[in-house]
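Everything below concerns the one structure shown next.
The values are calculated or read from the model by the stated rules, or taken from the named source; none is laboratory data. None of the values given here were measured: they were computed from a predicted structure. With ideal geometry, Cβ positions are generated from the backbone for all residues, glycine too; neighbour counts draw on all protein chains shown. Accessible surface areas use protein heavy atoms only, side chains included; no ligands, DNA or RNA. Shrake-Rupley method; radii C 1.70, N 1.55, O 1.52, S 1.80 Å.
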Amino acid sequence: MDSAFITYASDVLGETNTGLSGSKIAEYSTAYAVKFDVNIPYSNYPFPDSAPNKRTALRKNIMAFNDEQQFFIIKELCDLPDFAGNEDAKALKTKLLSKYGKLYTDILISELELVQETIHWLSQYPRSLKVYNEALVKYDNRIYERNILDDMRLAFELLLKEILGNGKSLENQIAEIGQALKQTEVSKELRNMFNALINYYKDYQNTYIKHDDNVNVNEIEYMIELTSLLMKFLIRTIK
């Protein structure tokens, strides 16, 4: 990511009247430094004389991160409630996605909003959450193997056992899921669609977990996202 764009982003995000305060810049910068294990020049506020203003401090802090991290940080800052309705921040995000959108695919899958939401909902189900997190760690560390699919299936299966209060395998839970969704007044059409998804999910998993190590990387990412959607929906609906 070129320095001119980072300067532009820092000017918007640290704008005197509508941008983040100096203390907020220090707070968020420090949190990102800890998250990504990066040393930043300005972690405390007030900033020293070497940073004449908060925009400079933000720019130099962002420069300390690599391209993928810079993309993640700028995008996440743009999405803060502080910038709701801020047209300059909206334009910045649009330009970020347009110019550097390719970097989005390199962000850790564990940082995706859908995955973070799923982790939140799974906090009530620690056995399932443990296996789910193990799969995310493998994927984020570029360990692309069918074992990730196995972990996702197991996390889903453990969740179903806890939610439905039985010890059945995934294959034998479809009728139970349909009945539970019916009791919560989920429409017939959505129940049928959900059951069809589970059947396809089961067939795909059985094919690659049991018979084939050569799994497409993009398909692994899709299965992680699909598993996340299925689990999130069930927890929010049946719970």
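See the values below:
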quantity: Evaluation of GLY101 against (1) assigned to a loop (DSSP other than H, G, I, E, B); (2) out of contact with any helix residue (DSSP H, G or I) (no Cβ under 7 Å at 6 or more places or on another chain) (one fails), failing number; calculated: (1)
quantity: Scope the range 217-239; condition farther than 15 Å from ASP151 by Cβ and either of a type in the set (A, V, I, L, M) or surrounded by 15 or more Cβ atoms within 10 Å (Cβ to Cβ) (or both); matching residues; calculated: VAL217, LEU229, LYS232, PHE233, LEU234, ILE235, THR237, ILE238
quantity: Test: residue in the range 44-53 that is open to solvent by less than 70 Å² (accessible area, probe 1.4 Å), closer than 26 Å to GLU113 by Cβ and of a type outside the set (Ser, Thr, Tyr); calculated: no
quantity: Single residue of ASN195, ASN166, ASN214, ASN199 found to be modelled with pLDDT of 90 or more, farther than 30 Å from PHE36 by Cβ, part of a loop (DSSP other than H, G, I, E, B) and open to solvent by 30 Å² or more (accessible area, probe 1.4 Å); calculated: ASN166
quantity: The range 217-235: number of residues that are modelled with pLDDT of 90 or more and of a type in the set (Val, Ile, Thr); calculated: 3
quantity: Some residue of the range 23-40 being touching a Leu at 6+ places or on another chain (Cβ under 6 Å) and either basic (Lys, Arg) or open to solvent by less than 70 Å² (accessible area, probe 1.4 Å) (or both); calculated: yes
quantity: Positions within the range 5-23 being closer than 20 Å to GLU87 by Cα and not polar (S, T, N, Q), in sequence order; calculated: PHE5, ILE6, TYR8, ALA9, ASP11, VAL12, LEU13, GLY14, GLU15, GLY19, LEU20
